[in-house]
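Read through the structure below, which is laid out as C-alpha cells, and then see the notes.
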Amino acid sequence: MTTKTSVHRIFNFSAGPAILPLSVVEEAQRDLVSLPGVGLSVLEISHRSKPFERILQEATADIRALAGIPDDYHVLFLQGGASLQFAMVPMNLIPPGGEADYIVTGTWSQKAVKEAARVGTVHVAASTQSENFTRIPRPDEIRLSGRGAYVHATSNNTIYGTEWREIPNVGDRPLVVDASSNIFSGPLDVARHALIYAGAQKNLGPAGVTLVIIRDDIARRSPSSIPTMLSYATHADNNSLYNTPPAFAIYVVGLVAKWLRREGGLEAIGRRNERKASQLYAEIDRTDFYRGHAQPESRSLMNVTFRLPSEALEKTFVADATAEGLDGLKGHRSVGGIRASIYNAFPEEGVDALAAFMREFERSHG
Ligand SMILES: *Cc1c(COP(=O)(O)O)cnc(C)c1O
C-alpha cells in the first residue's frame, strides 16, 4: 500500500542504509512532532515512559507475530550494528578454550571469523572464497568440527548477491545466523535457529538498531566475566532497556513490522520478492551481454549482482541509470559491476523500470 505524496522520490537501489516503505516514512513524518495521544515527539520522550513502553511492546509483538517466534525466544533491540554481533556471539557463546564452526560465504562472514578468532578457535566448516564467493556451499561440502559451540552462517551475502535457499542442516548444533540483508524477506523457521541477528538498516528500518532473536537457553550462556553491556543475558533480563535504547530506530522498525503484516506477512512478501528478483535475473539470462556474478542456484532475492562486457560500459550504465532516477546501482568494489538491492520495501515499479532500462541499454550499447 503506498500513499500519494507530493514529494518526488527516485528509485533507491542502495545496499544499505536502504529504502523504507513510503507509507512508513510518511507516518513517521506525520507523527514526528507529536505522537497521537502523547503530544510529544518520539525523539524526546523518556525510554521509561508509558508511551515508549507501548512502542517497544508493540514492535516486539508485531515482530513475534510476523515471524511466528516461539515463546522461548527473546526479541532484543541492541546497538553496535551487526558488526558488534560478530564479537558478542563468540564472547557469549564460546566457552574458555572452546571452538566454533563458521561457514564462510563472503566478506561479512570473514569479518565474523576475525572477531571469533580473538575469543576462541575458529573451525572453517566450509568456504567458497576460492571461487570469489559466487555460490553457497553444497550440503556435502560442510564439515563441522564436532566440538563447535555453535555454527555461524551468513544467510544473504549482500556484496556478492548470494543467498542460502535452505538454511544449513547442522543437526543438534546451535545455529547462529547473520541475516542482516534478508531478514523477514520470506518465510522463516525461527525454531531451527539458536540466534538470528540483523542490523536494521537493510531490510528492517533505519540505521542504529540491531535486531537479535535469541533462544532463552542460549542467552543464559553469557559468562559473568564479560562486560555487562556485551552480555545477552543483560539485555534479555532487561527487555532491551538496560540502558537507553535507540528509541526512534525501534519506533520505525515497529512501523515496518506493522507494514509487513498489512502486506500479508512473510509468505506474501516472499512471493513478491521472488517475482521481483526473477524479473531481473531473466534480463541477465536473456543474452550474453549481462553476466550474473552469483551462480544460478545461489542467487539472492535481495541483491542482484551482474557485470557488463567492460568496466567502461559499467560506468556508463551507472551514470545513465542515475540520470533516469535509478540510484545506487554501483556494485561493491570487491565484486565490481552492478548491484541492484531490491529489499522488501523496494517497489515492483522500480524493478520494471530497471528491467526496461537494461533492455534499452543493451539495445543501444550491445
Ligand atoms: C551490512 C552487513 C553487515 C554490517 O552491518 P553493520 O550494521 O554496519 O555492522 C553485516 N552482515 C551483513 C550480512 C551485512 O549485509
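Any read-out appearing in this document is the output of simple, stated calculations on the displayed coordinates, not a laboratory observation. Everything numeric in this text was worked out from a predicted model, so none of it was measured. Because the Cβ atoms are built from the backbone with ideal geometry, glycine has one as well, and the counts that use them run over all protein chains shown.
Couple of notes before you dig in:
- Using a simple spin-label model with pseudo-atoms 7 Å out from Cα toward Cβ, R286 and L40 lie 5.5 nm apart.
- The mean sequence distance of close C-alpha pairs (under 8 Å, at least 6 residues apart), as a share of the length of the range 27-262, puts its relative contact order at 25 percent.
- Report summary: the helix-based calculation at 222 nm, which adds -39500 (n - 2.57) for every DSSP H run with n ≥ 4 and divides by the residues of the chain, gives -11000 deg cm²/dmol.
- Less than 5 angstrom separates the built amide H of N303 from those of I342, all sequence-distant by 5 or more or on a different chain.
- Label-zone membership for the range 40-77, site D31, 7 angstrom Cα→C-beta point, backbone N under 15 Å: 40-45, 50-63
- For the range 265-365, the relative contact order is 29 percent, taking Cα pairs closer than 8 Å that sit 6 or more residues apart in sequence and dividing their mean separation by the residue count.
- Here the Gaussian network model covers the chain, with springs between Cα atoms less than 10 Å apart; of M302, M88, M229, M229 fluctuates the most.
- Per-residue ³J(HN,Hα) for the range 37-50, Karplus 6.51 cos²θ - 1.76 cosθ + 1.60, θ = phi - 60°, Hz, x for Gly and Pro: x, 10, x, 9, 6, 4, 6, 10, 8, 5, 6, 9, 7, 4
- Burial order of peptide ranges 142-149, 42-49, 70-77 (average beta-carbon count within 10 Å, highest first): 70-77, 142-149, 42-49
- Here the chain is assigned +1 on the Cβ of each Lys and Arg and -1 on the Cβ of each Asp and Glu. Its dipole about the Cα centre then comes out at about 320 debye.
- Note that the chain carries a Kirkwood radius of 21.3 Å, evaluated over its alpha carbons pair by pair.
- For the set K50/K258; K111/K202; K50/K202; K202/K315, the pairs lying more than 22 angstrom apart at their alpha carbons are K50/K202; K202/K315.
- Once backbone amide H atoms are built at 1.01 Å from N, Y150 has D101 as its partners under 5 Å, excluding neighbours fewer than 5 places away on the same chain.
- Lys, Arg +1 and Asp, Glu -1 on Cβ, resulting dipole of the range 265-365 about Cα centre, debye, nearest 20: 260 debye
- Separation between Cα centres of the range 138-152 and the range 315-366, rounded to whole Å: 37 Å
- Dipole check for the range 10-62: with +1 at the C-beta of Lys and Arg, -1 at the C-beta of Asp and Glu, and the Cα centre as origin, the magnitude is about 120 Debye.
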